[in-house]
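Q: Structure below; questions to follow.
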Number of protein chains: 2
Amino acid sequence: MNAFVARPVDSLDAVFKPRSVAVIGASATPTKIGGLPIAFLLAQGYQGEIFPINPKATEVQGLKAYPRIAEVSGRVDLAIVAVPASLVGQAIDEAIAAGVKGIVLFSSGFAEISEQGRAAQDDLVARARAAGVRVLGPNCLGFMNLSEKVFATFSPVVGQGVTASGRIGLVSQSGAYGAYAFTLARQRGLGLSYWITTGNEGDVDFADCLRWLVRDPDTDVILGYMEGCRDGAKLELALAEARAAGKPVVMTKVGRTEIGAQAAASHTAALAGEDAVFDAVFRQYGVYRAYSIEEFFDVGYAFSVAGIPAGDNLGVFTVSGGAGVLMADAADDAGLPMPALGADGQRRIRELVPFAAPRNPVDITGQITNDVGLFETSLEIMLEQGDYQLVATFLAAAGQGPMGEQIADQIGRVRARFPDRVFCAVSVFRDSVRERLEQHRCLAFEDPSRAIRALAALAGFARQRNKALPASRTVEAPTLTLRAGNYSEADSFQVLADFGVPVPESHLVADGAEARQRIADDGRAWVAKIASADIPHKSDIGGVRLGLRGGDAVAEACDAVLAAARQACPEARIDGALISPMEGDGVECIVGVQRDPTFGPVVMLGLGGVLVEVLKDVSFRSAPVNRDMALEMIDELRGRALLDGVRGQAPSDVSALADLLVRVSEFAMASGDSLDSLDINPVRVRSAGHGVVALDAVVIGR
Amino acid sequence: MNAFVARPVDSLDAVFKPRSVAVIGASATPTKIGGLPIAFLLAQGYQGEIFPINPKATEVQGLKAYPRIAEVSGRVDLAIVAVPASLVGQAIDEAIAAGVKGIVLFSSGFAEISEQGRAAQDDLVARARAAGVRVLGPNCLGFMNLSEKVFATFSPVVGQGVTASGRIGLVSQSGAYGAYAFTLARQRGLGLSYWITTGNEGDVDFADCLRWLVRDPDTDVILGYMEGCRDGAKLELALAEARAAGKPVVMTKVGRTEIGAQAAASHTAALAGEDAVFDAVFRQYGVYRAYSIEEFFDVGYAFSVAGIPAGDNLGVFTVSGGAGVLMADAADDAGLPMPALGADGQRRIRELVPFAAPRNPVDITGQITNDVGLFETSLEIMLEQGDYQLVATFLAAAGQGPMGEQIADQIGRVRARFPDRVFCAVSVFRDSVRERLEQHRCLAFEDPSRAIRALAALAGFARQRNKALPASRTVEAPTLTLRAGNYSEADSFQVLADFGVPVPESHLVADGAEARQRIADDGRAWVAKIASADIPHKSDIGGVRLGLRGGDAVAEACDAVLAAARQACPEARIDGALISPMEGDGVECIVGVQRDPTFGPVVMLGLGGVLVEVLKDVSFRSAPVNRDMALEMIDELRGRALLDGVRGQAPSDVSALADLLVRVSEFAMASGDSLDSLDINPVRVRSAGHGVVALDAVVIGR
């Protein structure tokens, strides 16, 4: 785990909720970087004091200006620094001396351009930290606090209009992306609480902002855009806090793919961990990962307007059969069950609309154009008689006509009778209809598939939230120090066995003669393998012999693998030959621990053979892994069905496999930074009740 | 293959391009089903003659009305029938007698409600067909011809405004879906040539409309919405004609999933074939399959505005690093290569913008706000120096400001210099900017991921189009009549061998003694299997023995499998024992032929073992399959890499596997309707150059 300096989150209050703002480098020109924030603060009606700092002016944009921040008589919470890089040092020092608590540093020319710039940045941040002053930036677009009208940004998008003040907090590592997202949020009518860009993250980073928004009473939902992360442990802490607070987090993390990661590397200095591990960490904490800006906002919108459903059964109520089928397909893709309406409910729907399809989707057909009241009556029947926590209604183009308001009111009444259900309406809406629906906390979407995806996101959050929180993931101090380098198979087995990892019966022998003495001709089949920490790939050099029956065969094989190893690897230190009984049938898996640059030790599980090699069918979790998490890892494998038994085979011992993952995680936590990696390949998973056994293992210390 | 009556496609001209229209059941009330089309025709300015037919009126909506169609003196091309089901028969007969060439039948109450209704529908259609009159419907919303203002529909969406006249033809099996799509198309500013709903498809079906639009000079792109298909052969013909004409087809086919198929079954009487087979047929003809309405229109829009690219290399040009990474991720997902800009080009970009990321994405940063000319200059460098056929530009929010027009003009000039490239711009656009871009045939999208998806669709069409058309897929008359029921393994091998399918050396023997005489002790290992058409699952009853070395072992095994079979299946007719040499290493596949209810014989390929059983990793093609198609089938397998050789194994003989698929297809075509199914499981694919061999096979005749 990476260490991090735990700075109190509320130290960011002065940055994000300042009662007074000084702008160092204030400009009278409202389109300049030092003029924009003053223009925005004035235009948007910020209620705190604004102190323009400019050595050459006595007045800036109608406000009294000060030559230096020291000459401001009142208290200054936040200093916005908008001067060229060469003047930033002095500005920061003066701001610290003046007693500010927070700094937003717009200036570029630091870590993003050169190592020299990075050194200058580190120096500035160290000075601010020593004085207890938090710094957002450098090289950032700043932030906005929409409810208190703090526009500490120079992004020109504010000049084109601002979003409503609302309950969605948005944090972006990229200024340009953040600005674009702001424009789209405004266009979609989403209400934001905060908009924050973190730039170079010299001091305040993405996870700090996340933690602060988790505590902010004005924020219900957090949208994040990430390119990389330097402190995985802090990010995990932030996500755990969000989960504990019940605040949904929607995340776009770019650089997912090989091309994307290359592009990200050329764009940012952020250290990018393995994307699959980010993915696992997001899943671990119930974070919704969005793959496009549209999905990002669709899901953020859904969380901010609708409640969290109590379950994931979906009822589709439609006036068009075709749209109903389309939505049923989308529901299946998204894993939302669509149980059929009960016989009684179906009968009652048919009584109202003889040609209705009453199953689910419930299709009441175009009849509604003749009698709009049918909508409410039949929707009520559906919800009374069916066990649906999610309700998607397709209204065709009715949302555009005068019928739209009527239907919105009907939905409002039905919602009042079934307040724990989550409602969504799909149509082309005029604004008045959309607004009325949203007042009733009913989502409004134009695209049926996007509507279903958003409902599935709500259901996924509910599923995750309804699970018991994982048992304490507190990290104990390491208790085991591994030596550097490869452990032999025998040594690996020994160190793992201490943590309860089942390893095979095995005998280390010097030669065939010793093997002959050690084992009885008890009818079992044996395997003989070369024992050497210097030969990790034993099969490749003829160092493994299988299916040996009887002492003579075992003895001959031991001598053969020793001879093969001496010939192929004359430099290798050889401990002898390792003999074990052959394992019977079962499913082969791979279990391991890797060290991720961002998140530290990561537990890995894959199905053996073709599935892991050809299809890369693996799942990850950041350690420590408890039993619930281990079971989730197993369920995430695409080839999961293999463990249920195919071709008449018995189901595998999934419970023992989960235990093994927990034990491997305990081993990783105990060995701390001394563990480089562990690879147990294969693990044989026997039939249910018969456990698992590691058939080969390599521990590597660092 | 299903037979179909090949009716000349141009017989639909009178339906879709009528010079005069009679409305039987015309109403003076412009909101009634018989009033709406007249109101629309008048309001939209249809230039042909309109004849309202109503026995009780002399004037309808200001037009002279006729009591019966027989009394119209001029020629009537198209009759719209909008009377209750009970009166339809008489209306149709009178229309036929009056010499109409086409009928649009709005009325419902036919096949969609009962078997009696279906009989009435069949009867009506038969009468029309006998007179050479085409019928659209019944139970349909009609159609629109946007350029000639023929609004032969009663969908109220027309009253809310119509789409522009354009070059996209839209055909929908669902009226309500079609109406909703029309509303969205209008809202997105898409131009349609025709909008057609097919309803019950008593006569004119989806494929007929597709074929007609392929020939229509005013239609460039065809969007289709399908729920099912009764005549797969005609649909294949239509898709082949579209492909040959170079007209892209974008298709939404619902009922993809299990829930969706259930919903479709309760919604429509259309016979739904296996969805995976539809998918394969779409792929076979280069149809783009859209999974949401949004994707449907995004891709349709892209085809209608931009040209078809000459290749699929994507250059991303951006003013925001973050958006560039997001687009690179999306490109990777979509399979679009993003080669790096050459060193010279990178150098020249850096000369213009020192802190640019010049690789690809080319990120010229926010510098553009200071010097908008940088856009054109650097984009030109990128296109001169890089081999990009697709160009995606991200403009942040510039499309909304005054800079938007300037950039649109710059793109127009660059496009003029590189006319064969396909351009796309991503921003939030004001209408004037969007229109200017589209005049330059540059796509305009708000969402970066959707933009990339649309470009990938264009590239996919180009790839498919650049392939040679498959060799003639003409269906020869069947030359082989299989007997009904299961063929034994030996008989299956024999009939397949006649078509060039490689089968193992094998000997059918009556007992062990005969086996002892037939084979030499040549060191090979043998397998012995029970030979009986009545025992398809031989292993389950102990009817297979492997790894037999020497004549004695083979003889003993033959007697053993015969004894086991007699005991387990006393009723089975037993031909003897079949002995074959054991096959060495290789990759196991499954090859088969199934009979799809829509498309007839379908060739199937899967990778053996876990991949097909657990992951359902199979690919399909509607027969006949030529060699190119066979190679595509192989490439579609998710586990394709297994055939390239994993764990140091040699690559497999993919060429021979493709030949096998072709031979199996030839067998299927030759046996025609007498083949129920073929299952070759497993096929052993040996290393490259060593061919394939069928290790077991079951032919079933019908």
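The values are calculated or read from the model by the stated rules, or taken from the named source; none is laboratory data. Everything numeric in this text was worked out from a predicted model, so none of it was measured. We place every Cβ from the backbone using ideal geometry, glycine too, and count neighbours over all the protein chains shown.
Q: So which residues in region A:605-658 are of a type in the set (A, V, I, L, M, F, W, C), part of a helix (DSSP H, G or I) and surrounded by fewer than 20 Cβ atoms within 10 Å (Cβ to Cβ)? Lay out the reasoning, then the answer.
A: If we filter region A:605-658 for residues that are of a type in the set (A, V, I, L, M, F, W, C), which is where we start, we get A:605, A:607, A:610-612, A:614-615, A:618, A:620, A:623, A:625, A:629-631, A:633-634, A:637, A:641-643, A:646, A:650, A:654, A:656-658.
Filter once more, so that each one left must be part of a helix (DSSP H, G or I): A:610-612, A:614-615, A:629-631, A:633-634, A:641-643, A:654, A:656-658.
Once the filter is applied, which keeps residues that are of a type in the set (A, V, I, L, M, F, W, C), part of a helix (DSSP H, G or I) and surrounded by fewer than 20 Cβ atoms within 10 Å (Cβ to Cβ), region A:605-658 yields A:Leu631, A:Ala641, A:Val654, A:Ala656.
Q: Report the residue count in region B:247-270 for those that are over 18 Å from B:Phe282 (Cα atoms), modelled with pLDDT of 70 or more and not hydrophobic (A, V, I, L, M, F, W, C).
A: Count: 3.
Q: Could you tell me whether any residue of region B:299-316 is touching a residue at least 24 places away in the same chain (Cβ under 8 Å) and over 29 Å from the mean Cα position of the chain (by Cα)? So that I can check it myself, show each step before the final result.
A: Initial filter on region B:299-316 (touching a residue at least 24 places away in the same chain (Cβ under 8 Å)): B:299-316.
Still in the running and over 29 Å from the mean Cα position of the chain (by Cα): B:316.
Scanning region B:299-316 turns up at least one residue that is touching a residue at least 24 places away in the same chain (Cβ under 8 Å) and over 29 Å from the mean Cα position of the chain (by Cα).
Q: Moving on. When the residues of region A:107-147 are filtered to those that are surrounded by 18 or more Cβ atoms within 10 Å (Cβ to Cβ) and assigned to a helix (DSSP H, G or I), which remaining residue is farthest from the other protein chains (Cβ to nearest Cβ)?
A: Here the answer is A:Ala128.
Q: In region B:593-604, which residue that is in a strand (DSSP E or B) and of a type outside the set (Asp, Glu) is farthest from the other protein chains (Cβ to nearest Cβ)? Write out each step before concluding.
A: Taking region B:593-604 as the starting set, the residues that turn out to be in a strand (DSSP E or B) are B:593-596, B:600-604.
In the following step, the residues that additionally are of a type outside the set (Asp, Glu) were identified as B:593-595, B:600-604.
Working: B:Val593: 23, B:Gln594: 21, B:Arg595: 25, B:Gly600: 25, B:Pro601: 27, B:Val602: 22, B:Val603: 23, B:Met604: 19 Å.
Checked region B:593-604; the qualifying residue farthest from the other protein chains (Cβ to nearest Cβ) is B:Pro601.
Q: I'd like to verify a number: residues in region B:502-539 that are part of a loop (DSSP other than H, G, I, E, B) and either under 11 Å from B:Ile574 (Cα atoms) or of a type in the set (D, E, K, R) (or both), how many? Let's see the steps before the verdict.
A: Of all residues in region B:502-539, those part of a loop (DSSP other than H, G, I, E, B) come to B:502-506, B:510-511, B:519-524, B:532-538.
When the remaining residues are screened for being either under 11 Å from B:Ile574 (Cα atoms) or of a type in the set (D, E, K, R) (or both), the result is B:505, B:510-511, B:521-522, B:524, B:532-535, B:538.
Selection size over region B:502-539: 11.
Q: Of all residues in region A:302-327, which are aliphatic (A, V, I, L, M) and assigned to a helix (DSSP H, G or I)? First the steps, then the outcome.
A: So the first thing to find is which residues in region A:302-327 are aliphatic (A, V, I, L, M), and the list is A:302, A:305-306, A:308, A:310, A:314, A:316, A:319, A:323, A:325-327.
Matches in region A:302-327: A:Ala302, A:Val305, A:Ala323, A:Val325, A:Leu326, A:Met327.
Q: Among the residues of region A:582-598, is there at least one that is modelled with pLDDT under 90, surrounded by 22 or more Cβ atoms within 10 Å (Cβ to Cβ) and within 29 Å of A:Leu237 (Cβ to Cβ)?
A: Yes; the residues of region A:582-598 include at least one that is modelled with pLDDT under 90, surrounded by 22 or more Cβ atoms within 10 Å (Cβ to Cβ) and within 29 Å of A:Leu237 (Cβ to Cβ).
Q: Looking only at region A:216-243, which residues are more than 14 Å from chain B (Cβ to nearest Cβ) and farther than 24 Å from A:Asn145 by Cβ?
A: A:Cys229, A:Arg230, A:Asp231, A:Gly232, A:Ala233, A:Glu236, A:Ala240, A:Arg243
Q: Just give me the residues in region A:284-320 being farther than 30 Å from A:Met604 by Cβ, surrounded by fewer than 21 Cβ atoms within 10 Å (Cβ to Cβ), within 14 Å of chain B (Cβ to nearest Cβ) and in contact with a strand residue (DSSP E or B) (Cβ under 9 Å, 6 or more places away or on another chain), in sequence order.
A: Correct list: A:Asn313 only.
Q: Return yes when B:Ala425 is crowded, with 21+ Cβ neighbours inside 10 Å and in contact (Cβ under 8 Å) with a residue 60 or more places away in the chain and no when it is not.
A: no
Q: If you don't mind, there's one more thing I want to ask. So B:Ser165 ticks every box in (1) part of a strand (DSSP E or B); (2) within 14 Å of chain A (Cβ to nearest Cβ); (3) hydroxyl-bearing (Ser, Thr, Tyr) but one. Which box is left unticked?
A: Condition not satisfied by B:Ser165: (2).
Q: When B:Val83 is evaluated against the numbered criteria (1) among the β-branched types (Val, Ile, Thr); (2) part of a loop (DSSP other than H, G, I, E, B); (3) modelled with pLDDT of 95 or more; (4) within 19 Å of B:Met144 (Cβ to Cβ), which criterion, by number, is the only one it fails?
A: So B:Val83 meets the others, but not (4).
Q: Out of (1) in contact with a Lys or Arg (Cβ under 9 Å, 6 or more places away or on another chain); (2) surrounded by fewer than 24 Cβ atoms within 10 Å (Cβ to Cβ), what's the single condition that is false for A:Val150?
A: Going through the list (1) in contact with a Lys or Arg (Cβ under 9 Å, 6 or more places away or on another chain); (2) surrounded by fewer than 24 Cβ atoms within 10 Å (Cβ to Cβ), A:Val150 breaks only (2).
Q: Just checking, does region A:35-42 include any residue being surrounded by 17 or more Cβ atoms within 10 Å (Cβ to Cβ) and assigned to a loop (DSSP other than H, G, I, E, B)? Working first, answer last.
A: Residues of region A:35-42 surrounded by 17 or more Cβ atoms within 10 Å (Cβ to Cβ): A:35-41.
Next cut, assigned to a loop (DSSP other than H, G, I, E, B) only: A:35.
So far as region A:35-42 goes, yes, one or more of its residues are surrounded by 17 or more Cβ atoms within 10 Å (Cβ to Cβ) and assigned to a loop (DSSP other than H, G, I, E, B).
Q: Among the residues of region B:628-638, is any small (Gly, Ala, Ser) and closer than 19 Å to B:Gly600 by Cβ? It would help to see each step written out before you state the result.
A: The initial filter retains those residues of region B:628-638 that are small (Gly, Ala, Ser), namely B:630.
After this cut, where a residue has to be closer than 19 Å to B:Gly600 by Cβ as well, the list is B:630.
Yes - at least one qualifying residue is present in region B:628-638.
Q: Can you tell me which residues in region B:329-380 are among the aliphatic types (A, V, I, L, M), closer than 12 Å to B:Val319 by Cβ and away from every other protein chain (no Cβ under 12 Å)?
A: Going through region B:329-380, the residues among the aliphatic types (A, V, I, L, M) turn out to be B:330-331, B:334, B:336, B:338, B:340-341, B:343, B:349, B:352-353, B:356-357, B:362, B:364, B:368, B:372, B:374, B:379.
From what's left, closer than 12 Å to B:Val319 by Cβ: B:353, B:356-357, B:362, B:364, B:368, B:372, B:374, B:379.
Within region B:329-380, B:Val353, B:Val372, B:Leu374, B:Leu379 meet the criteria.
Q: Let me ask another. Sort through A:Asp635, A:Asp679 and tell me the only one that's more than 30 Å from B:Ser539 (Cα to Cα), in the same structural domain as A:Gly606 (by TED's automatic domain parsing) and in contact with a Gly (Cβ under 6 Å, 6 or more places away or on another chain). I'd like the intermediate steps shown before the answer.
A: On the way: A:Asp635 fails: in contact with a Gly (Cβ under 6 Å, 6 or more places away or on another chain).
Step by step, each of A:Asp635, A:Asp679 is checked, and only A:Asp679 is more than 30 Å from B:Ser539 (Cα to Cα), in the same structural domain as A:Gly606 (by TED's automatic domain parsing) and in contact with a Gly (Cβ under 6 Å, 6 or more places away or on another chain).
Q: Residues of region A:381-406 being facing chain B (nearest Cβ under 9 Å) and outside any helix (DSSP H, G or I), which ones?
A: At the first step, the residues of region A:381-406 found to be facing chain B (nearest Cβ under 9 Å) are A:394, A:396-397, A:400-401.
Within region A:381-406, A:Phe394, A:Gly401 meet the criteria.
Q: In region B:59-69, is there at least one residue being aliphatic (A, V, I, L, M) and part of a helix (DSSP H, G or I)?
A: Applying the first criterion (aliphatic (A, V, I, L, M)) to region B:59-69 yields B:60, B:63, B:65, B:69.
Retained after the next criterion (residues that are part of a helix (DSSP H, G or I)): B:69.
Within region B:59-69, one or more residues are aliphatic (A, V, I, L, M) and part of a helix (DSSP H, G or I).
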